[in-house]
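Report on the following structure.
The values are calculated or read from the model by the stated rules, or taken from the named source; none is laboratory data. Since this is a predicted model, take the numbers as computed values, not measurements. All Cβ positions, even for glycine, are placed from backbone atoms using ideal geometry, and neighbour counts span all protein chains on display. We work out accessible area using only protein heavy atoms, side chains counted, and drop any ligands, DNA or RNA first. Shrake-Rupley method; radii C 1.70, N 1.55, O 1.52, S 1.80 Å.
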Amino acid sequence: MDALEFIRVRELEVAVRIWNPNAPRTLIAWHGLARHGGDFDALARELGSEWRILAPDIPGRGLSSWSLFPHHDYLYSHYVTVAIALLDHFKLDQVDWLGTSMGGLLGMLIAAAPQYSARISRLVLNDVGPELNKQGLIALSSYFGVYHCFSNFSELQQELQQHYASFGINSDAAWRELALNSARRLPDGRWTYHFDPRISEQFIHDTPRDTWTDWASIRCPVMVIRGEQSTLLDAATLPRMAELQPSMVTLSVPNCGHAPMLDRPEQVAPIERFLIRAEKAHVVPNEPIQTTKVSPTLIQWLTQQWRKWWQ
């Protein structure tokens with residue numbers, strides 16, 4: 001990270017991590033449910049000095065404020081407000097957007113909204129789409145729906161290595177870095193994760209919507225990255241996505257689940273090629289593929305499940 005800025009959005013302070021602040025091109029990199037913008041450090045290094053990376057910590061994560069009103073602020077509608085405030089702050093009328101998991105869904109919502117769609121010029125979704133695997137969602141949401149506390153830092157790092165094994169991280173140094181950037185020490189000396197445990201309340205309070213309609217409404221070039229062993233984005237979902245977005249570009253990441261870290265050349269180089277090629281309006285369409293059945297919408301299903309568990 002080369003710079004750090006803080007933006008006020010209503011009563012909350014939003015941290016934005018910046019790499020290559022004077023670069024000619026800009027990419028918004030938005031993290032997943034329980035992560036933060038620091039996850040894109042390796043992506044920034046791989047893309048190089050031509051790209052300015054703006055990676056916010058969404059409220060409740062990392063260096064950003066925690067909300068006193070989770071039922072109001074830990075919702076996609078408020079995340080959209082945060083995103084538009086960030087674009088306005090940096091005077092970005094149009095920008096490329098890369099989102100991992102939740103960050104990808106947020107990018108979809110903005111790219112599909114009539115009042116905001118022109119703000120995103122190219123959209124990259126990292127292991128997420130308009131339909132997600134139900135069992136994978138249960139595992140993901142149930143894990144982050146409980147409070148995690150560790151007696152020492154080593155326990156936290158060991159737990160991270162087990163829970164995030166699907167990220168495809170392959171070095172001890174990278175695991176240590178992930179743990180250092182994921183930890184928060186408690187007043188009693190124990191350790192926990194960096195995020196507000198109440199972020200999971202969005203599954204209770206958020207408003208159901210038809211994310212397939214959102215996907216069909218997107219008009220900018222799109223790229224979808226999928227971990228070959230993803231438990232969240234099924235391979236069978238991609239044909240339906242491609243039917244509604246015929247110019248969609250796909251990348252399958254081997255030996256990886258949910259979600260690729262985008263931390264090595266073989267993952268980052270195709271992203272840069274897509275962004276540059278799409279900029280020149282030469283996106284290569286996918287081959288025609290068969291339609292798959294569409295299941296109930298993501299947010300509606302999550303809302304139903306969480307109400308069952310927490311009532």
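The table for this structure:
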read-out	value
Flag for Val95 being open to solvent by less than 10 Å² (accessible area, probe 1.4 Å) and either β-branched (Val, Ile, Thr) or within 30 Å of Arg277 (Cα to Cα) (or both)	yes
Residue match in region 272-283 (condition: within 20 Å of the chain's Cα centre (by Cα), under 28 Å from Phe144 (Cα atoms) and either modelled with pLDDT of 75 or more or open to solvent by less than 20 Å² (accessible area, probe 1.4 Å) (or both))	no
Subset of region 218-268 (residues that are over 20 Å from Gln161 (Cβ atoms), assigned to a loop (DSSP other than H, G, I, E, B), aliphatic (A, V, I, L, M) and touching a residue at least 60 places away in the same chain (Cβ under 8 Å))	Ile218, Leu233
Selection count where residues are in a helix (DSSP H, G or I), open to solvent by 20 Å² or more (accessible area, probe 1.4 Å) and among the β-branched types (Val, Ile, Thr), scope region 197-213	2
Cross-chain or 6+ apart pairs with Cβ under 8 Å, region 177-193 first and more than 16 Å from Gly37 (Cβ to Cβ), then small (Gly, Ala, Ser)	Arg190/Ser151; Trp191/Ser151; Trp191/Ala183; Thr192/Ala183
Within region 215-231, considering residues that are surrounded by fewer than 23 Cβ atoms within 10 Å (Cβ to Cβ) and hydroxyl-bearing (Ser, Thr, Tyr), the one nearest to the chain's Cα centre (by Cα)	Thr231
Answer residue from region 173-196, given it is touching a Phe, Trp or Tyr at 6+ places or on another chain (Cβ under 8 Å) and over 17 Å from Pro59 (Cα atoms) and is surrounded by the fewest Cβ atoms within 10 Å (Cβ to Cβ) among those	Arg185
Positions within region 48-77 being open to solvent by 20 Å² or more (accessible area, probe 1.4 Å) and among the aromatic types (Phe, Trp, Tyr), in sequence order	Trp66, Phe69, Tyr76
Close pairs (8 angstrom Cβ cut-off, 6 or more residues apart or separate chains): surrounded by 15 or more Cβ atoms within 10 Å (Cβ to Cβ) in region 142-163, in a helix (DSSP H, G or I) and of a type in the set (Lys, Arg) anywhere	Gln157/Arg176
Number of the condition not met by Gly129 [criteria: (1) closer than 25 Å to Leu47 by Cα; (2) open to solvent by 20 Å² or more (accessible area, probe 1.4 Å)]	(2)
Subset of region 25-45 (residues that are closer than 16 Å to Val124 by Cα and more than 14 Å from the chain's Cα centre (by Cα))	Arg25, Thr26, Ala44
Residue among Arg45, Arg25 that alone is touching a strand residue (DSSP E or B) at 6+ places or on another chain (Cβ under 6 Å), open to solvent by 20 Å² or more (accessible area, probe 1.4 Å) and either touching a residue at least 40 places away in the same chain (Cβ under 8 Å) or among the charged types (D, E, K, R) (or both)	Arg25
